[in-house]
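Notes to accompany the following structure.
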2 protein chains.
Amino acid sequence: MPGEFEYIAWLRARTPADPRVRIGPGDDCAALAPPARELLVTTDMLMDGTDFVLSEVGPRRAGRKAMAVNLSDIAAMAGTPTAAVVSVALPLLASGGRQPPVASLAQELYLGLRDVADAFGVALVGGDTNSWNGPLVISVTALGEATPRGPVRRNGARPGDWLFVTGPLGGSILGHHLDFTPRVREALLLHEAVNLRAMLDISDGLAADLNHICEESACGAVLVADAIPISDAARALSRTSGKTPLQHALGDGEDFELVFAVSPEDGEKLLREPPIPGLAKIGTCSESGLWLERDGARERLEPTGWFHAFGE
Amino acid sequence: MPGEFEYIAWLRARTPADPRVRIGPGDDCAALAPPARELLVTTDMLMDGTDFVLSEVGPRRAGRKAMAVNLSDIAAMAGTPTAAVVSVALPLLASGGRQPPVASLAQELYLGLRDVADAFGVALVGGDTNSWNGPLVISVTALGEATPRGPVRRNGARPGDWLFVTGPLGGSILGHHLDFTPRVREALLLHEAVNLRAMLDISDGLAADLNHICEESACGAVLVADAIPISDAARALSRTSGKTPLQHALGDGEDFELVFAVSPEDGEKLLREPPIPGLAKIGTCSESGLWLERDGARERLEPTGWFHAFGE
């Protein structure tokens, strides 16, 4: 840091003054006011061909996704995102049909990063800009602050806890994985209303991510098939995929909704006075194992979301 | 974060407890104790084929360089590095002759990152591990703290200031660019001894980087040819490169020594009681322009390090 590429100067000219940012792009490091509470740090790298197809989605949407997935990790701990740095490898060669020249690609990418950063008051404080003959690579590191209640981890769920998700699941590949809103505000409102015992954002798929909570919390979970909110995209995809909408909701990745565990008392409170729209109770924590309850019967649920589809 | 790849678990098992790290790899974010002073943040991305040749240097040295270049940016502001996160794209296909399998590559890479992080008390607190069919990409974000004297920037040099470097320059491509020691300790000792008015680490080459200081400080600089410390590597390279050792010292990048400006009084103090070995006074700041003084004559120095070579 800073980068070799002209867009750093372009970036600097367009970065609004933020009192938390004492030194921005143009020095060797950014300098930020020290956070009042625990500092949250997360990083995610996105690659063309893996996390998006640049020639189809364009650099602006790729930039949005790169910022949003990082803010989603801050949301998963009920933190407030504050700042981010970005390192990129820009492709010099066309990787698809409609690849823009590298300078305009950098600027569109930056605008996409800023679309999401601005929406959450996140200062883009610096980066490293490289170019090469490989595909576009974007690595974002987001910083945040825990609330006074502390960061929410994955390891606090207990048997008997109620499990919730913040929105409908499945079929993200049809577009949601690029255009989702990280659940930053929702996490803060929930954290204020109740004691979130364990939480994460759904990136690998509901079943796989719930399994992460179970492993970290040393408990199990029973999901209720009829209670799982299924997205329109999951239904649309199921028409051609050979999978049921429920299978998509359980197994597809990159929903970026939050799944979390609370005590039954807090669960009742959330049902009575939901602090955010779209909340759905999807099951309860158990002693061990991952289970799906359907038509009064209980079947084992694989962490991949795959399950024995009797009757379907 | 966290990554999908098995080495995250491997990493977690090998990450020693650090009281500053409240939550490490395995949750959605790392959580760190809030720094007492200004938080420094820097990021640098390294790519196989650009910043190193993986098939020649191996993943351990690549990992060392990736960490060291980031700590060098913290050093450039006289900060204390504290923590780092790493995101990687691991190559699934062989990119050279001696490419190790991806899991062993990840582990060697991690050991290289740790070699340098451990040497400076930097906690490796998390990352994002991906694999793909492209070349190895490593992105490190390092965090640090400013000293009570504040971060040293690039914009405080004044005409009349003395210019110093912390070590010999040039020919880094022969190996130093992979195995250098980031000047973290040196920067702290210098910052304690004198008032560093402007500083950076030499990554683009002495002339180019000095030009950055001049631009940010709105001043010029006159370098004294005979005073510039020339590395053995610069001399070795000059035997076959068609350039003089001095040209290598002025123009080669990735020395990762510090160049800085101090008042003449502080400069005299540094010469009298050098707080670190290897310090060399290389010139003075002037009103404007970048100049090289040789044999009593002054010639214009290009920011690229190129200069009119009369008599050579």
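The values are calculated or read from the model by the stated rules, or taken from the named source; none is laboratory data. Note that the structure is predicted; figures quoted are calculated from it, not measured. Backbone-built Cβ (ideal geometry, glycine too); neighbour counts: all protein chains shown.
Is it fair to say A:Arg235 is in contact (Cβ under 8 Å) with a residue 60 or more places away in the chain and not hydrophobic (A, V, I, L, M, F, W, C)?
Details: in contact (Cβ under 8 Å) with a residue 60 or more places away in the chain: yes; not hydrophobic (A, V, I, L, M, F, W, C): yes.
So A:Arg235 passes the test.
The conditions are (1) over 25 Å from the mean Cα position of the chain (by Cα); (2) closer than 15 Å to A:Asp161 by Cβ, and A:Cys285 fails exactly one of them. Which is it?
Answer for A:Cys285: the failing condition is (1).
Determine whether region B:44-58 contains at least one residue that is closer than 24 Å to A:Asp128 by Cβ, crowded, with 24+ Cβ neighbours inside 10 Å, of a type outside the set (Asp, Glu) and at pLDDT below 95.
No, because not a single residue in region B:44-58 is closer than 24 Å to A:Asp128 by Cβ, crowded, with 24+ Cβ neighbours inside 10 Å, of a type outside the set (Asp, Glu) and at pLDDT below 95.
When only residues in region A:117-128 that are buried (at least 24 other Cβ atoms within 10 Å of the Cβ) and among the aliphatic types (A, V, I, L, M) count, which is farthest from the other protein chains (Cβ to nearest Cβ)? Explain how you work it out, then say what you get.
Our first condition is that a residue be buried (at least 24 other Cβ atoms within 10 Å of the Cβ); within region A:117-128, this holds for A:117, A:122, A:124-128.
Next, only the ones that are among the aliphatic types (A, V, I, L, M) stay: A:117, A:122, A:124-125.
Numbers: A:Ala117: 14, A:Val122: 13, A:Leu124: 11, A:Val125: 6 Å.
The selected residue is A:Ala117.
Please determine whether any residue of region B:217-226 is away from chain A (no Cβ under 14 Å) and over 17 Å from B:Ala157 (Cβ atoms). Working first, answer last.
Just the residues of region B:217-226 that are away from chain A (no Cβ under 14 Å), to begin with: B:219-226.
Right, trim to over 17 Å from B:Ala157 (Cβ atoms) and you get B:225-226.
There is at least one residue in region B:217-226 that is away from chain A (no Cβ under 14 Å) and over 17 Å from B:Ala157 (Cβ atoms).
Here are some conditions: (1) more than 14 Å from chain A (Cβ to nearest Cβ); (2) over 18 Å from B:Ile276 (Cα atoms); (3) more than 19 Å from the chain's Cα centre (by Cα). B:Ala234 meets all but one. Which one does it not meet?
With respect to (1) more than 14 Å from chain A (Cβ to nearest Cβ); (2) over 18 Å from B:Ile276 (Cα atoms); (3) more than 19 Å from the chain's Cα centre (by Cα), B:Ala234 is out only on (3).
Here is a yes/no grid of residues against (1) at pLDDT 95 or above; (2) more than 23 Å from A:Asn155 (Cα to Cα):
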site	(1), (2)
A:Arg235	yes, yes
A:Thr244	yes, yes
A:Gly251	yes, no
A:Pro264	yes, no
A:Pro275	yes, yes
A:Ile282	yes, no
A:Cys285	yes, no
A:Gly289	yes, no
A:Phe310	no, yes
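Among (1) in contact with a helix residue (DSSP H, G or I) (Cβ under 8 Å, 6 or more places away or on another chain); (2) farther than 30 Å from B:Arg114 by Cβ; (3) surrounded by fewer than 20 Cβ atoms within 10 Å (Cβ to Cβ), there is one condition B:Ala207 misses while meeting the rest; what is its number?
The one condition B:Ala207 does not meet is (3).
So A:Arg183 passes all but one of these: (1) farther than 25 Å from A:Glu299 by Cβ; (2) surrounded by fewer than 23 Cβ atoms within 10 Å (Cβ to Cβ). Which condition number does it fail?
(2)
Identify the single condition in (1) exposed (fewer than 15 other Cβ atoms within 10 Å of the Cβ); (2) part of a helix (DSSP H, G or I) that A:Ser288 does not satisfy, given that it satisfies every other one.
For A:Ser288, the failing item is (2).
Do we have any residue at all in region B:215-232 that's more than 19 Å from B:Pro303 (Cα to Cα) and either touching a residue at least 40 places away in the same chain (Cβ under 8 Å) or assigned to a strand (DSSP E or B) (or both)?
Of region B:215-232, the ones more than 19 Å from B:Pro303 (Cα to Cα) are B:231-232.
Okay, now just the ones that are also either touching a residue at least 40 places away in the same chain (Cβ under 8 Å) or assigned to a strand (DSSP E or B) (or both), so B:231-232.
So far as region B:215-232 goes, yes, one or more of its residues are more than 19 Å from B:Pro303 (Cα to Cα) and either touching a residue at least 40 places away in the same chain (Cβ under 8 Å) or assigned to a strand (DSSP E or B) (or both).
For region A:73-85, what are the residues that are more than 8 Å from chain B (Cβ to nearest Cβ) and either in a strand (DSSP E or B) or of a type outside the set (A, V, I, L, M, F, W, C) (or both)?
Step one: filter region A:73-85 for residues more than 8 Å from chain B (Cβ to nearest Cβ), giving A:75, A:78, A:80-82, A:84.
Scanning region A:73-85 gives A:Thr80, A:Pro81, A:Thr82, A:Ala84.
Give, as residue ranges, the strands (runs of 3 or more DSSP E) completely inside region B:113-194 that count at least 2 residues that are over 19 Å from the mean Cα position of the chain (by Cα). So that I can check it myself, show each step before the final result.
Details: elements: B:123-132, B:137-146, B:162-165.
Output list reads B:123-132.
Could you list, in sequence order, the residues of region A:130-172 that are among the hydroxyl-bearing types (Ser, Thr, Tyr), crowded, with 24+ Cβ neighbours inside 10 Å and outside the structural domain of A:Pro264 (by TED's automatic domain parsing)?
Within region A:130-172, the first condition is being among the hydroxyl-bearing types (Ser, Thr, Tyr), and the residues that meet it are A:131, A:139, A:141, A:147, A:166, A:172.
Checking which are crowded, with 24+ Cβ neighbours inside 10 Å leaves us with A:139, A:141, A:166, A:172.
Once the filter is applied, which keeps residues that are among the hydroxyl-bearing types (Ser, Thr, Tyr), crowded, with 24+ Cβ neighbours inside 10 Å and outside the structural domain of A:Pro264 (by TED's automatic domain parsing), region A:130-172 yields A:Ser139, A:Thr141.
Quick check: is even one residue across region B:203-215 more than 29 Å from B:Lys269 (Cα to Cα) and hydroxyl-bearing (Ser, Thr, Tyr)? Talk me through it step by step, then tell me what you get.
So the first thing to find is which residues in region B:203-215 are more than 29 Å from B:Lys269 (Cα to Cα), and the list is none.
Within region B:203-215 (the criterion being more than 29 Å from B:Lys269 (Cα to Cα) and hydroxyl-bearing (Ser, Thr, Tyr)), the answer is no, since none of the residues qualifies.
In the set B:Asp209, B:Asp204, which member is within 14 Å of another protein chain (Cβ to nearest Cβ) and not in a helix (DSSP H, G or I)? Spell out how you get there, then give the answer.
Numbers: B:Asp209 fails: not in a helix (DSSP H, G or I).
Sole residue among the options that is within 14 Å of another protein chain (Cβ to nearest Cβ) and not in a helix (DSSP H, G or I): B:Asp204.
Which number in (1) assigned to a helix (DSSP H, G or I); (2) under 19 Å from the mean Cα position of the chain (by Cα) marks the one condition that A:Asp255 misses?
Going through the list (1) assigned to a helix (DSSP H, G or I); (2) under 19 Å from the mean Cα position of the chain (by Cα), A:Asp255 breaks only (1).
Pick out the one residue from B:Arg61, B:Arg114, B:Arg98 that is closer than 22 Å to B:Thr181 by Cβ, modelled with pLDDT under 95 and more than 8 Å from chain A (Cβ to nearest Cβ). Give the derivation first.
Details: B:Arg61 fails: modelled with pLDDT under 95; B:Arg98 fails: closer than 22 Å to B:Thr181 by Cβ.
Of the residues listed, the single one that is closer than 22 Å to B:Thr181 by Cβ, modelled with pLDDT under 95 and more than 8 Å from chain A (Cβ to nearest Cβ) is B:Arg114.
Hey, any hits in region A:29-39 for a residue that's within 19 Å of A:Leu178 (Cα to Cα) and among the aliphatic types (A, V, I, L, M)? Step through it out loud before you land on a result.
Initial filter on region A:29-39 (within 19 Å of A:Leu178 (Cα to Cα)): none.
Looking for residues that are within 19 Å of A:Leu178 (Cα to Cα) and among the aliphatic types (A, V, I, L, M), one finds none in region A:29-39, hence no.
Among the candidates A:Ala297, A:Ala225, A:Ala233, which residue alone is surrounded by fewer than 22 Cβ atoms within 10 Å (Cβ to Cβ), farther than 17 Å from A:Leu163 by Cβ and of a type outside the set (Lys, Arg)? Can you show your working first?
Numbers: A:Ala225 fails: farther than 17 Å from A:Leu163 by Cβ; A:Ala233 fails: surrounded by fewer than 22 Cβ atoms within 10 Å (Cβ to Cβ).
Exactly one residue qualifies, and that residue is A:Ala297.
If you go through region A:129-152 one residue at a time, how many are charged (D, E, K, R) and facing another protein chain (nearest Cβ under 7 Å)?
Here is the first cut: in region A:129-152, the residues charged (D, E, K, R) are A:145, A:149.
With facing another protein chain (nearest Cβ under 7 Å) added as a condition, the list becomes none.
Here the count works out to 0.
Could you give every pair whose Cβ atoms fall below 7 Å, whose first residue belongs to region A:272-285 and is surrounded by 15 or more Cβ atoms within 10 Å (Cβ to Cβ), and whose second residue is of a type in the set (D, E, K, R), counting only separations of at least 6 or pairs across chains?
A:Ile276/A:Glu186; A:Thr284/A:Asp161; A:Cys285/A:Arg158; A:Cys285/A:Asp161
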